Amino acid sequence: MCDFTSRFRNASSAEDFLALLEVPYDPRVVAVNRLHILKRFHDYMTKDRLGDGEEAKPALHALLRRAYEDFVGSDAVTEKVFKVFQCQPGRPAFVGLETLKR
């Protein structure tokens, strides 16, 4: 197993993933949204086909950056609506912020 894969599997926090994938972030944004960023990152990963090991790193970087920017680019109301809507039973697990802004 390559070093990147091992480190990726052992990452245990949003900060670990952001550092490993070299995505710049504001700790204040992550402190408030860490679980939602990771949930969004997971949703994106399950929708995209990724390679293995080091070759997957650029794709993973792009997906985590996108998940992080979803929350950086949103306002407090949009974030709250997303979080509440996302967690309701019977709703899709992933709701794009662009959908909520309509």
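Couple of notes before you dig in:
- Of all residues in segment 43-61, exactly one satisfies the criterion of being farther than 20 Å from residue 14 by Cα and of a type outside the set (D, E, K, R), namely 51.
- Hits in segment 7-26 (condition: surrounded by 11 or more Cβ atoms within 10 Å (Cβ to Cβ) and either modelled with pLDDT under 90 or in a helix (DSSP H, G or I) (or both)): 7, 8, 14, 15, 16, 17, 18, 19, 20
- Qualifying residue in segment 14-27 (condition: within 13 Å of the chain's Cα centre (by Cα) and closer than 16 Å to residue 74 by Cβ): yes
- Segment 37-55 residues that are assigned to a loop (DSSP other than H, G, I, E, B), paired with ones that are surrounded by 13 or more Cβ atoms within 10 Å (Cβ to Cβ) (beta carbon under 6 Å, 6 or more apart): 50/56; 50/59
- Candidate set: segment 27-47, residues that are loosely packed, with under 12 Cβ neighbours inside 10 Å and of a type outside the set (A, V, I, L, M, F, W, C); chosen: the one modelled with the highest pLDDT: 27
The values are calculated or read from the model by the stated rules, or taken from the named source; none is laboratory data. Every value quoted in this text rests on a predicted model; they were computed, and no experiment measured them. Quick reminder, even Gly has a Cβ in these numbers, built from the backbone with ideal geometry, and neighbours come from all protein chains shown.
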